[in-house]
Amino acid sequence: MNLILLGPPGAGKGTQARRLQDNHGLIQLSTGDMLRAAVAEGTEIGKQAKAVMDRGDLVSDDILIGMISERIDQDDCKNGFILDGFPRTTAQAEALDGMLRDKGLHLAKVVELAVDEEALVDRITGRYTCANCGQGYHDSFQKPSVDGVCDNCGATEFKRRADDNEEAVRTRMQAYRAQTAPILPYYRDKGILSEVDGMADIDEVTKQIEAVIS
């Protein structure tokens, strides 16, 4: 079973992808992680990507698709994969379909985590993590049991992502609307797009996704 999770930054794609990976043996694929791994391993695709990045240019769709193609040929992807954060454009979606078709594969479902922009801004700007173990917290929704002390490891230092501020979040949302949202009709026309409530409780979102893919 091959899936795509769509939604703006902070919608919870990574969390849900990890749950799908644990529950169904699917492999979560992040193009950013794959790109770094390919460069580090010195694969042919990695060498091409490194040359592009060393020039300060953006990695082309052909390289990204080639990298995904190499990755899903590996044994651990035999049960399927979850693409998180790709494709971002209709051209990438079309190229992905072509590559999968050449392998005799197809996408089972594309799941959009629909969000309320204002609520999402609050969700993202309020989040922080333990600097020691990475346990996640939130100013409003998930504070440590003891103020300033991590529930998981007892550390007392916390950190926030530099880009988890309102201006950066709204810029990322704008980029999502402009670039990625237009691919929704592409998958809707194919009959494989489903929408879940990305603002619901994490367990409820998981339940909705499970209903879609079952």
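The values are calculated or read from the model by the stated rules, or taken from the named source; none is laboratory data. Predicted model only: the values in this text are computed from it and were never measured. When we count neighbours, we look across all protein chains shown, and the Cβ atoms used for this are built from the backbone with ideal geometry, even at glycine.
Conditions tested, residue by residue: (1) in contact with a Lys or Arg (Cβ under 9 Å, 6 or more places away or on another chain); (2) without any contact (Cβ under 8 Å) to a residue 40 or more places away in the chain.
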site: Gln28; (1), (2): yes, no
site: Ala37; (1), (2): yes, yes
site: Gly42; (1), (2): yes, yes
site: Val52; (1), (2): no, yes
site: Ile63; (1), (2): no, yes
site: Asn79; (1), (2): no, no
site: Asp102; (1), (2): no, yes
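Of the residues that sit in segment 82-95 and are of a type outside the set (S, T, N, Q), crowded, with 16+ Cβ neighbours inside 10 Å and out of contact with any strand residue (DSSP E or B) (no Cβ under 6 Å at 6 or more places or on another chain), which one is modelled with the lowest pLDDT?
Gly85
Of the residues in segment 120-130, not one is loosely packed, with under 12 Cβ neighbours inside 10 Å and either of a type in the set (A, V, I, L, M, F, W, C) or at pLDDT 95 or above (or both).
The residue pairs whose first member lies in segment 104-125 and is without any contact (Cβ under 8 Å) to a residue 60 or more places away in the chain, whose second member is surrounded by fewer than 17 Cβ atoms within 10 Å (Cβ to Cβ) and outside any loop (DSSP other than H, G, I, E, B), and whose beta carbons are closer than 6 Å, counting only pairs six or more residues apart or on different chains, are Val121/Glu166; Thr125/Glu166.
For Gly46, indicate whether it is outside any helix (DSSP H, G or I) and small (Gly, Ala, Ser).
no
Looking only at segment 174-214, residues that are of a type in the set (Phe, Trp, Tyr) and loosely packed, with under 14 Cβ neighbours inside 10 Å come to 0 in all. Checking Thr206, Thr180, Thr171, Thr156 one by one, the residue that is without any contact (Cβ under 8 Å) to a residue 12 or more places away in the chain, part of a helix (DSSP H, G or I) and of a type in the set (Ser, Thr, Tyr) is Thr171 and no other. For beta carbons closer than 7 Å, sequence separation of 6+ or different chains, a first residue in segment 137-148 that is under 20 Å from Asp122 (Cβ atoms) and a second that is surrounded by 10 or more Cβ atoms within 10 Å (Cβ to Cβ) and among the hydroxyl-bearing types (Ser, Thr, Tyr), the qualifying pairs are Tyr137/Tyr128; Tyr137/Thr129; Lys143/Tyr137; Pro144/Tyr137.
Looking across Val59, Val110, Val121, one residue alone is in a loop (DSSP other than H, G, I, E, B) and of a type in the set (Val, Ile, Thr). It is Val59.
Residue by residue, here is whether (1) over 18 Å from the mean Cα position of the chain (by Cα); (2) under 26 Å from Glu210 (Cα atoms); (3) surrounded by fewer than 16 Cβ atoms within 10 Å (Cβ to Cβ); (4) at pLDDT 95 or above holds:
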position	(1), (2), (3), (4)
Arg71	no, yes, no, no
Gly80	no, yes, no, yes
Lys109	no, yes, no, yes
Val115	no, yes, no, no
Phe141	yes, yes, yes, no
